[in-house]
1. Counting only protein chains, not ligands or nucleic acids, how are Tyr345, Tyr194, Tyr48 ordered by accessible area (probe 1.4 Å), most first?
2. Please build a GNM for the chain, connecting alpha carbons under 10 Å apart, and tell me which residue among Arg243, Arg134, Arg157 fluctuates the most.
3. Hey, got the Cα dimensions of the stretch 172-253 along the principal axes, in Å, largest first?
4. Heavy-atom accessible area of Trp122 with all protein chains present, probe 1.4 Å, nearest 10 Å²?
5. Starting from the amide H of Leu152, placed 1.01 Å from N in the peptide plane, find each other amide H under 5 Å away whose residue is 5 or more places distant or on another chain.
6. Could you check how much of the accessible area of the chain is carbon and sulfur, as a whole percent, using a 1.4 Å probe?
7. So what is the 222 nm mean residue ellipticity for the chain from helices alone, if each DSSP H run of at least 4 adds -39500 (n - 2.57) and you divide by all residues, rounding to the nearest 500 deg cm²/dmol?
8. Ignoring ligands, DNA and RNA, what accessible area per residue does the stretch 1-70 give at 1.4 Å, in Å²?
Amino acid sequence: MEEALAFLEPVFRAIRGRERAHQRRVLDALHAAGVTEADLAGSTGYGYGDPGREKLEAAYAALFSTEAAVVRPQLASGTHALAALLFGLLRPGDRLLLAAGLPYETLQRVIWGPAAGCLAEWGVEARVVPPGPRGVVDADAVLREAGPTARLLLVQRSRGYEGGSSHGVGELGRLAERLKAEAPQLLLAVDNCYGEFVEEVEPTQVGFDLAAGSLIKNPGGGLAPSGGYVVGPAAAVEQVAARVTAPGIGLEVGPTLGLLRPYFQGLFLAPHVVAEALQGAVLVAAVMEALGFPVAPRWDEPRHELVQEVTLGDPAAVLAFCRGIQAASPVDAMARPEAAHLPGYRDPVVMAAGTFVQGSSIELSADAPMRPPYAVYVQGGLSLGHVALGLERALFELTLGGMLPAERWRAVSDRLGRPAHVGTTERH
């Protein structure tokens, strides 16, 4: 593993350079909001007059270059934040466009069901726009589907389980420029989960109207114990807030329940934590590809999010890999992950996540739907060192199960020790 870490140091240096730029952005946002010690106390009950909540939301709006934000512990997940966005902005008869393929399966239930209260029950029509060449969003196809009733376009930034591609900020900026010129009535929203602080700027800084995500992913910095966010124009955010609380109340209520301190501190730490997780994803990609497993993205390709896909091709290998990650976890290390049916998923899913916060995927975790091609999705890692230890244990489990000959790992170690084909820092 030491050979791999040394081999990848030029890539790691570029990631750390972006980390410093993001740290400056976060500090500027916190300074602009004027955060004080008194703002960290929070509120209970109705949450009336909570200056800390207001300053946290002001900091998020500044960070994403939007007019407003709703950032609340009551948003239980990224799916919940996206559901609030969709139900807040869409009305019966509106058309929702889903760019570049199907979203995560949990969001599919929100849109089409079968689930009580899904968008389809409210008369919202949702259409999937197939991706164009190389998996990018097809602007021509979006414009053909938009018509006069299309209200909202949603792009999922992460690759998800459906075999799609992740979408970079550059691609989203070009898409926004085209759509704003030819379909100005269309609101542009992005599922930003796993993408915050990965690239130089966020999608809302290149033309997208709204972004939504989870605080137990990137922006919570590993400290937020729950929560989600939506950022965008003030009128749109007020509509979303009416779904989070109630119409007529919106942003004015919502207790923060003593969570403002970890929210602020987590946001402050987020650039560093994301940089550590990104370096871990590069390490996983380099080692697993060298061992002969297909990976996406490759270690020397640009990254738009934290998730690292590794195709193992065998359900037994998926279980072994996930059990290795679990065994290297700080919590529930003795647990033995098994595939099971989970709410919102059509196939059994195996999840390895011995995390301090349940479901936190900014902490090191791995999950996989148990269906061909039997790919595992690795994400998070509060430190590069922990990702390296987790990967070592996953490889040990694969070797123990006879799915990874020990001599192959020795050959890979020799290869990684040679300073060949190191990607340039400009590509990262």
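1. Largest to smallest exposure gives the sequence Tyr48, Tyr345, Tyr194.
2. So, out of Arg243, Arg134, Arg157, the one fluctuating most is Arg134.
3. Computed over the stretch 172-253, the largest-to-smallest principal extents equal 39, 34, 13 Å.
4. 140
5. Arg95, Leu97, Leu187
6. Carbon plus sulfur share of accessible area: 56 percent.
7. Taking each H run of at least 4 residues, the total per residue is -13000 deg cm²/dmol.
8. Dividing the accessible area of the stretch 1-70 by its residue count gives 48 Å².
The values are calculated or read from the model by the stated rules, or taken from the named source; none is laboratory data. Just so you know, these numbers come straight off a predicted model, no measurement behind them. What goes into the accessible areas is simple: the full protein's heavy atoms, side chains included, and nothing from ligands, DNA or RNA. Shrake-Rupley method; radii C 1.70, N 1.55, O 1.52, S 1.80 Å.
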